[in-house]
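Reviewing the structure listed below.
The values are calculated or read from the model by the stated rules, or taken from the named source; none is laboratory data. All values reported here derive from a predicted model rather than from experimental measurement. Cβ: placed from backbone, ideal geometry, glycine included. Neighbour counts: every protein chain shown.
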Protein chains: 2
Amino acid sequence: MDTKSLLIDTATTLFQQKGYKNVGLNEILKACNVTKGALYHHFPNGKEELLITCLHGLNEDITTDIEAIFSRHLSTEDAILSMIDKLIGNFEKNGTIIGYTFSSIVSEMATMSEPVRIACSALYENMQAIYHEKLMTEGYSNESASAIAMLLTTSIEGAIMLCITQKSATPLKTIATLLPSILKVNK
Amino acid sequence: MDTKSLLIDTATTLFQQKGYKNVGLNEILKACNVTKGALYHHFPNGKEELLITCLHGLNEDITTDIEAIFSRHLSTEDAILSMIDKLIGNFEKNGTIIGYTFSSIVSEMATMSEPVRIACSALYENMQAIYHEKLMTEGYSNESASAIAMLLTTSIEGAIMLCITQKSATPLKTIATLLPSILKVNK
DNA sequence: CCTAACATACCAACGGGTCTGTTTTGTAGT
DNA sequence: ACTACAAAACAGACCCGTTGGTATGTTAGG
């Protein structure tokens, strides 16, 4: 892999695991055996530019992945449950959730850096758009689909936070049992 | 106010606004005109001890506040909606949400410091306990009450994160329209 | 041979934390 | 009521590792 991609991959993982401020440039560099010169060659604006690049990549990956799941399942319910299953598997395997959220970065940086906030915001919008579209094909009204898409996003994101905080997959498992009923009622 | 309380109050606000790593000791000290000597007199273990003290205080305040709201309303639905209203007001007034969440600290520190993670976890448990108790008095089954309490916690916490990220109160407003239906269906 | 892609030494600023010294306060004895 | 004194409550200089960032030098590819 080329140096730039290697840098992005390594930084993405570290940022997701530990947040932004908790990861130093030297740590990233050491983790992938790249020197500072190479980093500043590819990212002249330094750490924040690297972060934003990571967020964009992550955004694409997550969006693609969710889209794939949603195309594999007929109903929103099946797709969401499958997605949550994957999150749970991810969590139980790694002890943390990487690849589906950057909540740590959101809450750490949203108020500190406008470019970062915008990059984070984009992910949530993408996710909601996918949910929304699927719901529309199932016959939900536009408003209903919007509201449900929002609730799905917030409850999953919140559940991820609780899982991390409580070191348990229970929050995700629990909301998975309730979300179907919301879908049914508001159709 | 005595120096220690002043320190805790100032630090609590700053930590909630900007997270943990984004706030330096000097910033806290300057904000309340206290010197480093005084800080390390009251908190010999430094910044992290100060943070944990802040979290404990915040935990009590939030719990007390939510309990008050829940005792003022007959149904869980009314109480939750009132609570969300307060959050929205809080957000629209200050542009951020302080006093009801420390999501920034959770996601930033939960994986870095076990004592901090435990302190954060306690808040979520308290909130869920309040919801759970109220639901039980309304006649929900124990399992149902637990699940709903969890969903309320996750969706509200997630909505707060989305509000901050999108700089808009819409997420909270939207979930407020859907949560009542969950309460009704799962009774 | 020129430019992109590095490597490495270096830097100033800032971080949390410690040290030593001073003031204030509470208290016991006479 | 006054003194003595110890302990708590501060004040502020200082320390040193780390931080992100830069400057200059070297290598490799077209």
note = Conditions (1) surrounded by fewer than 16 Cβ atoms within 10 Å (Cβ to Cβ); (2) within 27 Å of A:Val23 (Cβ to Cβ) -> B:Thr12 fails only (1)
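Report yes if some residue within segment B:166-179 is assigned to a loop (DSSP other than H, G, I, E, B), more than 13 Å from every other protein chain (Cβ to nearest Cβ) and not aliphatic (A, V, I, L, M); otherwise report no.
Checked against the condition, which is being assigned to a loop (DSSP other than H, G, I, E, B), more than 13 Å from every other protein chain (Cβ to nearest Cβ) and not aliphatic (A, V, I, L, M), segment B:166-179 yields no hits at all.
Going through B:Thr53, B:Thr64 one at a time, which residue ends up being more than 30 Å from B:Leu135 (Cα to Cα), modelled with pLDDT of 95 or more and in a helix (DSSP H, G or I)?
On the way: B:Thr64 fails: more than 30 Å from B:Leu135 (Cα to Cα).
Of the residues listed, the single one that is more than 30 Å from B:Leu135 (Cα to Cα), modelled with pLDDT of 95 or more and in a helix (DSSP H, G or I) is B:Thr53.
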query = Pairs under 6 Å by beta carbon, first residue at negative phi and among the acidic types (Asp, Glu) in segment B:33-51, partner in a loop (DSSP other than H, G, I, E, B) and more than 6 Å from DNA strand D (Cβ to nearest atom), six or more apart or different chains?
reply = B:Glu49/B:Phe43
ask   = Given the structure, is B:Thr63 within 16 Å of the chain's Cα centre (by Cα), on the phi < 0 side of the Ramachandran plot and within 15 Å of DNA strand C (Cβ to nearest atom)?
value = no
ask   = If you go through segment B:66-106, how many residues are aromatic (Phe, Trp, Tyr), within 14 Å of chain A (Cβ to nearest Cβ) and over 12 Å from the mean Cα position of the chain (by Cα)?
value = 1
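I need the full set of residues from segment A:15-49 which are of a type in the set (A, V, I, L, M, F, W, C), within 14 Å of DNA strand C (Cβ to nearest atom) and either closer than 22 Å to B:Val23 by Cβ or surrounded by 17 or more Cβ atoms within 10 Å (Cβ to Cβ) (or both), in order please.
A:Leu25, A:Ile28, A:Leu29, A:Cys32, A:Val34, A:Leu39, A:Phe43
For residues that are of a type in the set (A, V, I, L, M) and part of a loop (DSSP other than H, G, I, E, B), scanning just segment B:13-50, find the one that is nearest to DNA strand D (Cβ to nearest atom). Lay out the reasoning, then the answer.
Step one: list which residues in segment B:13-50 are of a type in the set (A, V, I, L, M), which gives B:14, B:23, B:25, B:28-29, B:31, B:34, B:38-39, B:50.
Filter again for part of a loop (DSSP other than H, G, I, E, B), leaving B:23, B:34.
Values: B:Val23: 15, B:Val34: 5 Å.
Across segment B:13-50, the extreme among qualifying residues is B:Val34.
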